[in-house]
Structure formats: structure tokens, C-alpha cells
Amino acid sequence: MAPPRRLLARLRETMAAGAAPLPQLATLIADELVCEVCSIYAARPGEVLELIATRGLRPEAVGRTRLRVGEGIVGLVAATGRPLNLPDAQNHPAFAYRPETGEEPYASLLAVPVRRAGRTLGVVAVQNRVSRRYADDELDQLETAAMLLAEVLAAAGATDTTEESLGAALPRRFQGAILAPGLAVGPILVAGAAGSVQKVLADDIPAELARLDAAVATMQAGVDALIAASAPVGDAPREVLDAYKLIAADAGWLKRVGDAIRGGLSAEAAVHRVADELRDRMRRITDPYLRERLADLEDLAGRLLSALGGDAPPDVIVPGAILLARRLGPAQLLEWHARGIAGVAIEEGSSGGHAAIMARALGIPVLGGARGMLEAAEAGDLAVLDADDGLLILRPEADVVSGYNLALEARSQRRAGYAKLRGVPARSADGVRMRLMLNVGLAMELDQLDETGAEGIGLFRTEIAMLARGAIGDVAEQAATYARVLDAARGRPVLFRTLDLGGDKLLPGATPPEEENPAMGWRSLRVGLDRPASLRRQLRALLLAAGGRELSVMFPMVATVAEFRAAKALLLAEAKRVRPSPERLNIGAMLEVPALLWQLKALLTEADFISIGSNDLMQFLFAADRGTPALADRYDLISPPVLDLLDHVVAAGRAAGRPISVCGEAASRPLEALVLASLGITNLSMPALSILPVKALLADADLRAFRAMLDSLRAAEPSDASLREPLLGWMREHGLTVE
Ligand code: PEP
Ligand code: MG
């Protein structure tokens, strides 16, 4: 939406008249928005907001009315950083009555945060007597005014931002989701902290448009150069960057920036404005894939600002620093990686997001969803990023730092020891042979087969490359991808999982069905069976790729034997048409839906193998969304109900003479891997980084002794309790170290 020209023109006139005329600005905003009240609140030390100017409320309230961040509507807007548009503000649960303001007559209220460089400096609010919801263009006007106010407040030193409050020196802990595991201790870098707009209004609109054009060209050249430079490195998933490049050239958002300049904003302010709009839209989108597309756009907006010269990332190389950002796109991550950062914490972002995929490939720990940390962080502060435990500690206590440094030291020593395990077959201390396989989804990850010494690919997620590229390839393209995978495997087994789209994994342009619970909705194999043409094309591509070699295919989200039978029939029908036939065709089912647990006997007469998808199985077993960080520790695989379930599956596999493997994240965690191995599941598939740590722990562990202890715990503990702590205690006593 183009910014309101008239409001901008009047703001410019007022600004030209002198420094920080806040009461005039309040009057002007009230007039332009046709509101009876306009009030400006500024942040004060101690997380407090103070009324510093008003048109319409009682003048004596200025300097007196104070609200804590989080208190009242204004405090809520400051705390969340989001606008509130309320037709009946006084009946909102957060409303805090302040008699000195005389605001009783005003029913409706629109309040927006005044933010600059990622910090909330205050809040601006308008009010009217009549009860009404403010229109989108009114919100837009108030947000534009807030941008300008941010500069005025900062220039006049009218605020003491919350980071100067007493609490800012104390340690702060933030929980988040583990997007890529790992540990880092180092000073903080805040991405985009320099990104404030020096000049909001355009003096010369054609000149600003020309600056924008030049900056767009620089940005696009920069993205091309980055992609070219990453090629020989070979450790960044290429498809991800290609998708990003497409967005860099997308005209839609660039046009919006141009429109905002034509409306009277400077080029920098226009980029910020569009990025703000995107951020706002992003908050309302629940689909993680689309959210990531918007994250890419925001990342590019940051590059555009750099190209405009206002927001260049520092040239200093800060090896070992921990980068804090609202969110991060894949290209930014790559750049920061090249600068030597040791870890990343972002306020938003999902584990299926591009930056997370990239971070796992690069081995950078990333914590996501750590909300509020940007407000509390100060560049240069020391931080501990414990992305194994989902924790960021700002300004940690000295003891905590030395504890983590010791853990890091021990870990790097252990890692050095792992290297020698690479070519050695995985075996437990008591001689049980294990098969450790890789989970991959991008062609770029295939190098990891040799790097880790994995024995094959236990889960090839066929949808990942398609999501990164934004489209399902035709049969020939798909066949070429799968053939590359089989070539790279050089005879080692590869289990291809057919498309697992839907739910949280949507291709761009696909209209998601309106569903209350997409994870349990029309997704995965259900879509494949209802729209068999696409599934058949994929199966044909897999058979063509095999070209006479052994082929293993597994179907995700199987809920009934009938579904498995139908999917298998499609594969067999395609197999009749494709020549040469695979040397051997193995057809399996993923065990992810609990209902299948009571159909194992029948299933195993038809399936050649079962692979347990513990991510979805745990989610459905405990009715606990796998993407909700607050639920992450609530249910444990290492607890009697799940262990009983696994015993049941292992017994069914043995009775039928069919192999059972695990390819969910559980297999990648050393303790879980040990538990699974002790239950008799000797085929485990996991991301590359876990192979050597799991192999090392298994090599030290006597599975029989471990199993005996596990059984005694199962007999002794209440039937649903997690056995993790007692197991860890036993392991410590027996000199077994778990990362
Ligand atoms: C699982 O659910 O455990 C699994 C391996 O599949 P995905 O994580 O791709 O849903
Ligand atoms: Mg799954």
C-alpha cells in the first residue's frame, strides 16, 4: 500500500519548522486521521512507558501516566511489537484505567509500536468516541507516522530504551526450538542492528527511484556472486539458493518499494515499510513453507538496504560470535557462516525452513522461536547458545560459561576421536552389528555418505528438493534426481520415501485445503492415493532411475493395510511397464500412524520392511504437535508406554522375518539410539552430523547390560515416567558419555 502522501507532506512541513515538536506531531496525526485523540508514549528505564505528548487527553497526564511494558493496551503493544485495533478498547481484557487521562469517552483505539533498529522506543495511539474498527489505510498512516516518530524520539533522546534498564545487565534465558543442534559460546552480534532509517521522507522522488534501481542491480549481482561463490564450496544446498535467486528477481515486492517511494518515502524508508508489511503478513500465515518464502523476501530487503548504503553488515570478521536475528534467509546464513559465526538464534523460523536446512548442512547450531531475545540483547554481550537443549543464555553467570566451555572442549576432543571411526563398521561393545544410515533430501547432501561412512540412505525425503525448487519435476527430471542418488550410493541401500506433501509442506501455488488440523489432514499418501497420477509419475521415475538396480520404496503416513496395498498396487503396475526391471524391488511402509500398530501382522505379510517415523508417531501417539516447542519435553520416547510399543513392533517384525528400522529424529540422538539398539532395532537412519556420535556411543556400550538395566527400570518406575534421568545416571557411572 502506498504511504499517505498528504500526511507525509504535512509531517515534512512540521519537521522543517524545528526539532522534535512532539505535541504538534500528535495534533497533526490526530487531524489527518480524523481522530479525537493522539497520544505518544516513550520507553523509560525499567520497562516502563510514559505519556510524553497528547492531543485530546488531559495535558496534566503528560509525564504522569506510566504503564509497565505488558500493562494496558499500550503496554501490550510495546510488549508484542504488534498493532492493536480495538472498537471497544475499554472492555479489552488488557485495558488499564488511568483516571488522570480522562479517556473514558473514547471507545475505539488504534495503537502501533514505535520501533527503530529492532527496538521498541514507544507507542503511538489514536482514539475516537464512536466505536469503530480502523480501516487498513488508517493503520498504514499511523505506522508511517510511527516510523517518523521513531527518528524524532531517537534524535531528541526522548526515550531511554529498555535495554538501558537495570534488568539489562542480568542474565536472561530464552527457550526456543532446536532448528540445528550444537553448542556455542561467544559474543553477540545483532543482525540489522544498524538498520535504522536516517531520512524517512524523500526530497526528490525521481532521484530516490534511481537510487532504488541502482541498489536492486547491486543486490541481484550480489546474490548471483554469492551463489557462484558457494558452488566450489559444495556444502550449501544449491536448490535452496536457486529458489532464493528467483525471489531476488521477483518484481512484485520491488514494485511495492517503488510505489512507497512515489508516495513520498525515501528509498530506505520504503524498503523498511515493505519489509514491515511482509513481517505483518508473515505473522498471519500459519503455513511454514510460505512463511519461509516471506523470510527470504525479508532477507533480500536487508540486502537491498545494504546496497542503498544504509545498513551494511560490519566488515569485521567475528569468529565464534553468536548471531541474533529476527529471522534469517539462506543467503544471509551463508554469508555469516563465511564470516565465522559459531551459532545463530532467531526469533522466528521453522525447522523445515531454508535457513534451518542450510544450517544443518553447514553444521551451525540454530535456535528458533526465541521470542523477546532481541529486545533483551546488546551487541557484544556474551551468550551461550545451547541448541542441543533449546536454550539461549544472554550474559550468563561466570560458572555457566566455564561449564559450557568445558563441555565444548570435551566435545571437540570427542569429535577428533570420532574421525577414526569413519571407516569402521558400527558395532556395540558386546559385538552387535548396527547399520547406521543417512537421512537426506537434497542432492547436495549426498557427499555426506562418504564423509560419514554411512552404510546407505535410510530415508530419502523426495519432497525436500521439490519444495526447495518450488515445483514437482516431470518424470524425466525426477528420474535424473533419483539416479544421481543411486549413483552416489554406489550399491549401498537407498530407501526412497514417496512424496510427503501437504500439512506443513506445501508447494508454492498449491491451495491448501481448509483444514482445522492439517497435520492430520489430507496429506502425504492420502493425496497420492486420491490423485494417483502424480504418485504414479513419481513411482515410474524411481523405477527408471533404478534401471535394473535394486530399488527400495516406502510410503509415508500409512494408516491402514488397505492404503498400503493400494499404494503397492500402483508401484507394481508401474513396474510392469518399466524396463529393465529392478534387480530387486523392496516395498515398505513407514510406521507413523498409531492405528497401524494393531495391523502389523497383516501389514507384514505385504510389506517387505517397516521404518518407524518417530517424529510423526510420537506426535500422533501423544496428540502433541511436533512443531510446538512448549510440548517438546512433555513426552519422552524413553518411557514405558513407547518402549512397550517398540517391543511390540520388534516382536512383530521378528515373527514375520521382516526388518524394522527407525528413521525419525529419535534415531539421531545418541541416548535414544542406544535405547533403540538395546530393544533390537539395529538399523537406524539419521542426519549426517549424528552418525559418528551415535557410532561412538554404541562402540562403548554393552547392549546386553544396558538392556538389563533398562528392563529393571521399566519394572520399577511408575508406568508412564521418563526413564531418561536414571539411564543417564547409570551411563555416567559406567563411563559412557552422551553428547
Ligand atoms: C517422521 O515422521 O519421523 C519422519 C521421518 O518423517 P518426516 O519427519 O519427514 O515427517
Ligand atoms: Mg513423518
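What follows draws every value from the coordinates through simple rules; no lab data is involved. Bear in mind the structure is a predicted one, so any value in this text is a computation, not a measurement. Backbone-built Cβ (ideal geometry, glycine too); neighbour counts: all protein chains shown.
Could you compute Rg(Cα) / (2.2 N^0.38 Å) for the range 6-156, with N its residue count?
On the way: Rg = 13.8 Å, N = 151, 2.2 N^0.38 = 14.8 Å.
Cα Rg divided by the expected 2.2 N^0.38 Å: 0.94.
The HN-Hα couplings worked out from phi for the range 602-617 by the Karplus form 6.51 cos²θ - 1.76 cosθ + 1.60 (θ = phi - 60°) are 5, 4, 6, 7, 10, 9, 7, 7, 10, 10, 7, x, 5, 4, 6, 4 Hz, whole numbers, x standing for Gly and Pro. Shape analysis of the range 391-509 based on the Cα gyration tensor places the equivalent ellipsoid semi-axes at 35, 24, 12 Å, largest first. In this structure, the amide hydrogen of VAL494, modeled 1.01 Å from its nitrogen in the peptide plane, lies closer than 5 angstrom to those of ILE457, SER552, counting only residues at least 5 positions away or on a different chain.
In the range 416-472, a dipole from Cβ-located charges (positive for Lys and Arg, negative for Asp and Glu) runs towards its positive end, and of THR462, GLY441, ALA426 it is ALA426 whose Cα lies farthest in that direction.
Measuring nothing but how far apart in sequence close Cα pairs (under 8 Å, 6+ apart) lie, relative to its length, the range 669-723 scores a relative contact order of 39 percent. Ignoring lysines fewer than eight residues from LYS199 along the same chain, the ones with Cα atoms less than 24 angstrom from its Cα are LYS255. Each residue of the range 675-689 is assigned a 3J(HN,Hα), and the resulting list reads 4, 4, 4, 5, 7, x, 9, 9, 10, 10, 10, 7, x, 3, 4 Hz, derived from the Karplus form 6.51 cos²θ - 1.76 cosθ + 1.60 (θ = phi - 60°), x at Gly and Pro. If only the Cβ of Lys and Arg carry +1 and only the Cβ of Asp and Glu carry -1, the dipole of the range 6-156 around its Cα centre is close to 320 debye. Separation of the range 415-487 and the range 644-701, taken as the distance between their Cα centroids, equals 17 angstrom.
How big is the charge dipole of the chain about its Cα centre, in debye rounded to the nearest 20, if each Lys and Arg gets +1 on its Cβ and each Asp and Glu gets -1 on its Cβ?
Working: 81 positive and 93 negative charges, 380 e Å.
Computed about the Cα centre, the dipole is about 1820 debye.
Could you tell me how many degrees, from 0 to 90 and to the nearest 10, lie between the Cα long axis of helix 703-716 and the main elongation axis, the longest principal axis, of the Cα atoms of the chain? The two axes meet at around 60 degrees.
Per-residue Cβ neighbour counts within 10 Å put TRP522, TRP598 in the sequence TRP598, TRP522, beginning with the fewest.
How do MET731, MET554 rank when sorted from fewest to most other Cβ atoms within 10 Å of their own Cβ? Intermediate results must be reported in sequence, preceding the final value.
Numbers: MET731 20, MET554 28.
If I rank by nearby Cβ atoms, fewest first, I get MET731, MET554.
Between LEU591, ILE610, SER581, the Cα set farthest toward the positive side of the dipole of the range 559-716 (charges on each charged residue's Cβ, about the Cα centre) is that of SER581.
Per residue, what volume in Å³ does the convex hull of the Cα atoms of the range 422-733 enclose? Let's see the in-between values first.
On the way: hull volume 41.8 nm³, N = 312.
Cα convex hull per residue, to the nearest whole number: 134 Å³.
Sequence-distant contacts, meaning Cα pairs under 8 Å at least 6 residues apart, place the relative contact order of the chain at 10 percent. Put in order of Cβ neighbour count within 10 Å, fewest first, the listed residues VAL432, VAL553 become VAL432, VAL553. Over the residues of the chain, the helix contribution to mean residue ellipticity at 222 nm works out to -14000 deg cm²/dmol, using -39500 (n - 2.57) for each DSSP H run of at least 4.
Computed over the Cα atoms, what is the radius of gyration of the chain divided by 2.2 N^0.38 Å, N being its residue count? Provide the component values of the computation, followed by the final result.
Numbers: Rg = 28.5 Å, N = 739, 2.2 N^0.38 = 27.1 Å.
Against the empirical 2.2 N^0.38 Å value, I get 1.05 for the chain.
Residues whose amide H lies under 5 Å from that of ALA202, counting only those 5 or more places away or on a different chain, are LEU265, SER266; hydrogens are built 1.01 Å from N in the peptide plane. Determine ³J(HN,Hα), in whole Hz, for all residues of the range 72-86 in sequence, where each value follows from phi through the Karplus function 6.51 cos²θ - 1.76 cosθ + 1.60 and θ = phi - 60°; x replaces Gly and Pro. Residue by residue, the range 72-86 yields x, 5, 4, x, 5, 5, 5, 5, 8, x, 10, x, 10, 10, 10 Hz.
LYS245: which aspartates and glutamates have alpha carbons under 18 Å from its alpha carbon, excluding same-chain residues fewer than 8 sequence positions away? LYS245 reaches ASP213, ASP224, ASP235, GLU292, ASP296, GLU298, ASP299, GLU335. With a Förster radius of 22 Å applied to the beta-carbon distance between GLU583 and ARG484, the computed FRET efficiency rounds to 0.70.
Bridgeable lysines around LYS420 (alpha carbons under 23 Å apart, same-chain partners fewer than 8 residues away excluded): LYS695. Database remark: amide H of LEU391 closer than 5 angstrom to the amide H of GLY176, ASP386 (H placed geometrically; neighbours at sequence offset of 5 or more, or on other chains; Pro and chain starts carry no H). For helix 5-16, report the angle its Cα long axis makes with the longest principal axis of the Cα atoms of the chain; keep it between 0 and 90° and round to the nearest 10°. Relative to the chain, helix 5-16 is tipped by roughly 60 degrees.
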